[in-house]
1. Hey, does region 61-78 have a residue that's free of Cβ contacts under 8 Å to residues at least 24 places away in the same chain, hydroxyl-bearing (Ser, Thr, Tyr) and either surrounded by fewer than 17 Cβ atoms within 10 Å (Cβ to Cβ) or in a loop (DSSP other than H, G, I, E, B) (or both)?
2. Which of the strands (runs of 3 or more DSSP E) contained wholly in region 119-214 include at least 3 residues that are β-branched (Val, Ile, Thr)?
3. Could you list all residues from region 152-190 that are in contact with a His (Cβ under 9 Å, 6 or more places away or on another chain) and either acidic (Asp, Glu) or closer than 15 Å to Ala117 by Cα (or both)?
4. When you look at Thr67, is it within 26 Å of Ile19 (Cβ to Cβ) and hydroxyl-bearing (Ser, Thr, Tyr), yes or no?
5. Which of the residues spanning region 1-30 are among the polar types (S, T, N, Q) and surrounded by 10 or more Cβ atoms within 10 Å (Cβ to Cβ)?
6. Please enumerate the residues belonging to region 128-147 that are hydrophobic (A, V, I, L, M, F, W, C), surrounded by 18 or more Cβ atoms within 10 Å (Cβ to Cβ) and either free of Cβ contacts under 8 Å to residues at least 12 places away in the same chain or touching an Asp or Glu at 6+ places or on another chain (Cβ under 8 Å) (or both).
7. From the list Gln197, Gln183, which one is polar (S, T, N, Q) and without any contact (Cβ under 8 Å) to a residue 40 or more places away in the chain?
8. Within the bounds of region 43-53, is there any residue that is surrounded by fewer than 18 Cβ atoms within 10 Å (Cβ to Cβ), closer than 24 Å to Leu205 by Cβ and not hydroxyl-bearing (Ser, Thr, Tyr)?
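The values are calculated or read from the model by the stated rules, or taken from the named source; none is laboratory data. Owing to the predicted nature of the structure, the values given are computational and were not obtained by experimental measurement. With ideal geometry, Cβ positions are generated from the backbone for all residues, glycine too; neighbour counts draw on all protein chains shown.
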Amino acid sequence: MLGNATVIDLTIPLGAGIIMWPGAPAPEAETLVTIKHDGYFARRVSFFEHTGTHFDAPCHFIEGKATVDQIPAKSLVRPAVVIDISARVGSDADAVLTLAEVQAFEAANGQIPAGAAILLRTGWEDFNTDELRYAGAPGDLHFPGFGVEAAKFLVEERAAAGLGTDTLGIDPGCASDFPVHSQVSHPAGLWHLENLQNLKQLPPLGAWIVVGVLPLVGGSGSPARVLALLP
């Protein structure tokens, strides 16, 4: 599959300074052994399951749905469909992907194939080191996301395997009831990828993504290393 493919890392490096969902604890690392003292180096690391570039399992919002360790490995290697609305979004932190934009994407690129990972580029990846711009003020979140109508179409009519975006969440920040998470994608068994970066380097069609996620038993999610392969 690799051949002469270009590999693009869609992952934000995971460290203590990463922007978190408000109220969630930042990752911590404690050095337990050192080369000087013990002959090898290792740390104990703790993190919230939804830290940095991360994976949401369907059980994140729907009780009884699949946990991270129950996700089939084959569903983590998917053709990528990149819908880029960054030019239209601009600085509009409440923008959402509309059904009309999905239809316009298909008119330009052909029908979205079944089983794809739909990656939404809003342009917010450019702000992922600026907490106020990326997330909004504490208690008043604002960032773009998937609109419910567009998400329903992608799930019900195009049989998407997963949804991903370059923001803190699949739902726009202003949607406090998480309608896509709770009513559309997770109930249908889809997974999510949030806090992606470098989506600007991907074409609308033709790339594949490989989602390296920790198979945490009973996990609602996990930090992930997400790689894109371009033929």
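1. Step one: of region 61-78, the residues free of Cβ contacts under 8 Å to residues at least 24 places away in the same chain are 63-64, 70, 72-74.
With hydroxyl-bearing (Ser, Thr, Tyr) added as a condition, the list becomes none.
No, region 61-78 contains no residue that is free of Cβ contacts under 8 Å to residues at least 24 places away in the same chain, hydroxyl-bearing (Ser, Thr, Tyr) and either surrounded by fewer than 17 Cβ atoms within 10 Å (Cβ to Cβ) or in a loop (DSSP other than H, G, I, E, B) (or both).
2. Numbers: elements: 162-165, 191-194, 207-213.
Because the criterion is at least 3 residues that are β-branched (Val, Ile, Thr), the strands (runs of 3 or more DSSP E) in region 119-214 that meet it are 207-213.
3. Gly162, Leu163, Gly164, Thr165, Ile170, Asp171, Ser185, His186
4. Working: within 26 Å of Ile19 (Cβ to Cβ): yes; hydroxyl-bearing (Ser, Thr, Tyr): yes.
Yes; evaluated as a whole, the condition is true for this residue.
5. The first filter runs over region 1-30 and keeps only residues among the polar types (S, T, N, Q), leaving 4, 6, 11.
Answer for region 1-30, where residues must be among the polar types (S, T, N, Q) and surrounded by 10 or more Cβ atoms within 10 Å (Cβ to Cβ): Thr6, Thr11.
6. Let us first name the residues in region 128-147 that are hydrophobic (A, V, I, L, M, F, W, C), namely 132, 135, 137, 141, 143, 146.
Filter once more, keeping what is surrounded by 18 or more Cβ atoms within 10 Å (Cβ to Cβ): 135, 141, 143, 146.
Scanning region 128-147 gives a single hit, Phe146.
7. Details: Gln197 fails: without any contact (Cβ under 8 Å) to a residue 40 or more places away in the chain.
None of the others qualify; the one that does is Gln183.
8. Scanning region 43-53, I find no residue that is surrounded by fewer than 18 Cβ atoms within 10 Å (Cβ to Cβ), closer than 24 Å to Leu205 by Cβ and not hydroxyl-bearing (Ser, Thr, Tyr), so the answer is no.
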